Amino acid sequence: MAKDFAGNMFKNNSSLKASGLTKVSVYETNIDYMKLGIENKNEINELVLNEQIIISSNKKIGEEIMKLSKALYDSQEIFTKSENRNFLLWINSLNLSKTTVYRFIDRYKLYLKYSTVDLFELSERAVANIKKIEKSSSEKDVIEIFTLPLSEQQDKIFNILENINKNEIEVIDFKEDPKIVEKKRVIYRLNEIEIEIINLEKEKNRLQKLLKNF
């Protein structure tokens, strides 16, 4: 959304005419392009038009993801209720991968549970992280995520995941079976990597927000 992208670079009264989507359409932008270093009027007009296209298209993408997720979920339900195990054969005939299909289904299941359309605007990684939080932490944490504006949800996800991963790191007892010790080593390292990824993502978000102030 333009509001999230612009941050504190908003200006209250700015409207420009944009054409291309329809014969003549009027779109109001909240972004002060002067503060972004864009002064040429033609370039500003083109950016405002692109802004309108991006916002409109992003909304349509979210709507399409929701429709696709629901269609796949409903289809799986039909196969399940009829005790028919050919759902995977059916999706293969549609040239869809199992991984992709179940990501959409997981998204819709979360939507049914938490009743928030934000799920259809989040990245696949964010949805996967929410599933991990639901499994490893509590539904209360997930509900808390969705009470926040969409622009703040990612930071909250990172904070909860960081605590989960820290709690999952176990002390290795080297007197245990060697296979168990090795398994714990791998789990320990995976959790360390997860924490590193989370910290890098948090730093990336911090720098992106800082950049918007210039």
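Distance check, please: which entries in Lys109/Lys156; Lys70/Lys204; Lys131/Lys204; Lys109/Lys183; Lys132/Lys183; Lys109/Lys140 exceed 25 angstrom between their Cα atoms? It would help to have the intermediate numbers written out before the result.
On the way: Lys109/Lys156 21 Å; Lys70/Lys204 33 Å; Lys131/Lys204 23 Å; Lys109/Lys183 32 Å; Lys132/Lys183 20 Å; Lys109/Lys140 17 Å.
Long pairs (Cα-Cα over 25 Å): Lys70/Lys204; Lys109/Lys183.
Using a 1.4 Å probe and ignoring any ligands, DNA or RNA, find the accessible area of Tyr111 and quote it in Å² to the nearest 10.
50
Per residue and in Å³, how big is the convex hull formed by the alpha-carbon atoms of segment 29-163? Don't jump to the answer; show the numbers that get you there.
Values: hull volume 19.8 nm³, N = 135.
Per residue, the Cα convex hull of segment 29-163 comes to 147 Å³.
For a quick check: with amide H placed at 1.01 Å from N, whose amide H comes under 5 Å from Tyr27's, ignoring anything fewer than 5 positions away on the same chain?
Amide H to amide H, under 5 Å and 5 or more residues apart or across chains, Tyr27 pairs with Leu16, Ala18.
Go through segment 20-108 and name the GluC sites (Glu not before Pro) that are in a DSSP coil and have 13 or fewer other Cβ atoms within 10 Å of their Cβ. Present the calculation step by step, with values, prior to reporting the outcome.
On the way: sites: Glu28, Glu39, Glu43, Glu46, Glu51, Glu63, Glu64, Glu77, Glu83; in loops: Glu39, Glu83.
Taking segment 20-108 and a limit of 13 other Cβ atoms within 10 Å, the loop GluC sites (Glu not before Pro) found are Glu39, Glu83.
For labels at Glu203 and Ile143 in the simple 7 Å Cα→Cβ model, what's the distance in nm?
3.6
Suppose every K and R has +1 on its Cβ and every D and E has -1 on its Cβ; what is the size of the dipole of segment 84-125 about the Cα centre, in Debye to the nearest 20?
Values: 7 positive and 4 negative charges, 45 e Å.
With only Lys, Arg, Asp and Glu charged at Cβ, the dipole is about 220 debye.
The values are calculated or read from the model by the stated rules, or taken from the named source; none is laboratory data. This is a predicted model, so every value here is computed, not measured. Cβ sites come from the backbone with ideal geometry, for glycine too, and all protein chains shown count toward neighbours. Keep in mind that these areas ignore ligands, DNA and RNA; they rest on the heavy atoms of the full protein, side chains included. Shrake-Rupley method; radii C 1.70, N 1.55, O 1.52, S 1.80 Å.
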